[in-house]
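Reading through the structure tokens given below for one structure.
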């Protein structure tokens, strides 16, 4: 195995500087010039210091000096985890960033002035922003950035579920095998978002549906090679990634394109993006592989981390870092500022991967056709194995896996099994909410099972067939989601929504 390198990028206009190993923007002036530059002071204020998740907050950085008015750019970052939210130019000494993408918790925001040939860099003191959890959105594959399949609030009452609506979005056939399938859903802001593979040509279509009725609010074509695309949501924006590495941000309410950014250096992108605390995390392959951190504010690539290959693994993200898992159990943790923290490796590597899952102090990594392993978040050390053909789901007591067509409740340590449900036809990655675990069958039925006993609570029909999440081969990744009091299930070219 070769050594892991870090590639730092600044996608900005000339004169804005380069990116250093801490991920912040500095002037390209020489050290000697910097020593001679006039000292500056940077202060940071916010429109509110206590907000709810998905609410707008505006940051203003003021840069002053004893002589003259500093020019250049200010980078806004979350010092509590290293995330870089955006960069703005100074106008009359003030730079502004408006965002709704702050993660829940206490964020420590800072502003860093990069300096110029005449003025020295400076940083503000940290400004604490309290962000309260709000709503029960499903924002990426397997519901949340940890990919743990868990919906902590706003769950429907499983025993009272009834189908609210059902729409056919994909075609019934065409020249492309499997074309017309509907992706895993995003549920946010009163809408359900999916992508659908085109039936006659390459590319996909992004749909925004009214969550109450299933009616189309807006849609847009996503061009690209083959039929891959995938979605993530954060800060009132939808982020769509295609096979060629074009990441596009759309206003979730209107479909207006906010920006589009081409991921550099790789050419095969086959895993869903993950958006967290103002940054979209993307993995890509072609010549080896990279993990990318992209500013939600402007599409600027903040850092790239080198990995073995880079296929099929959607980054799992929380405040401790971004985690990915590739073939041969090549598993990685990067800090949110881009530093490689650890690399768990076995004897080999290859193409493919799968989405890792975070729960508590552990990472659940499946590689690609490998024996799944349980790793310590802190060190990457292995503490056990588990059996699941899909990403597992978690609540406070159990891990829920798909094992040979059965839904199995397991201790989070990997053993023992606590109960098993099904007759061998279950195919979906499980999701859990409100004391019920949901799983779909290849027959088109979806089931709710008691998380405590494994007994069936409810069943309904989503379509004629439900596809499992083929992480190695499928262009459009299938999967269920629970969010905003709904269970939404793709079934081939159909999307069905159930509510209480």
For an R0 of 35 angstrom, estimate the FRET efficiency from the Cβ-Cβ distance between residue 48 and residue 225 and round to the nearest 0.05. 0.20
Residues in segment 129-146 that a label on residue 319 would reach, taking backbone N under 16 Å of a point 7 Å out along Cα→Cβ: 129-134, 145-146
Exposure proxy order (Cβ contacts within 10 Å, fewest to most) of 256, 359: 256, 359
For 75, 106, which order do you get if you count the other beta carbons within 10 Å of each Cβ and list the fewest first? 106, 75
Distance in nm between residue 117 and residue 423 label points, each 7 Å along Cα→Cβ, equals 7.8 nm
Which FRET efficiency, nearest 0.05, do residue 67 and residue 91 yield, Cβ-Cβ r, R0 22 Å? 0.70
Contact order normalised by residue count of the chain, Cα under 8 Å, 6+ apart, percent: 14 percent
Listed peptides 305-316, 486-497 by packing density, highest first (mean Cβ within 10 Å): 305-316, 486-497
Anisotropy class of the chain from Cα gyration tensor, a/c 1.5 cut: prolate
Distance-filtered residues of segment 87-113 - backbone nitrogen under 12 Å, label point 7 angstrom along residue 125 Cα→Cβ: none
Which order results if 498, 394 are arranged by neighbouring Cβ count within 10 Å, fewest first? 394, 498
Work out, step by step, the length gained on full extension between residue 397 and residue 459: first 0.36 nm times the residue separation, then minus their alpha carbon distance; give nm to one decimal. 20.0 nm
For the pair residue 257 and residue 56, what calculated FRET efficiency results from E = 1/(1 + (r/R0)^6), where r is the Cβ-Cβ distance and R0 = 22 Å, to the nearest 0.05? 0.65
If we sort 90-97, 366-373, 433-440, 137-144 on the protection proxy, mean other Cβ atoms within 10 Å, highest first, what's the order? 137-144, 433-440, 366-373, 90-97
Cα gyration tensor of segment 163-277, axes a ≥ b ≥ c as square roots of the eigenvalues: rounded (a/c below 1.5), prolate (a/b > b/c) or oblate? oblate
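Throughout, read-outs are computed from the coordinates displayed, never taken from laboratory work. Worth saying up front: this structure is predicted, and the values here are computed from it rather than measured. As a convention, Cβ positions derive from the backbone with ideal geometry for all residues, glycine included, and neighbour counts pool all protein chains shown.
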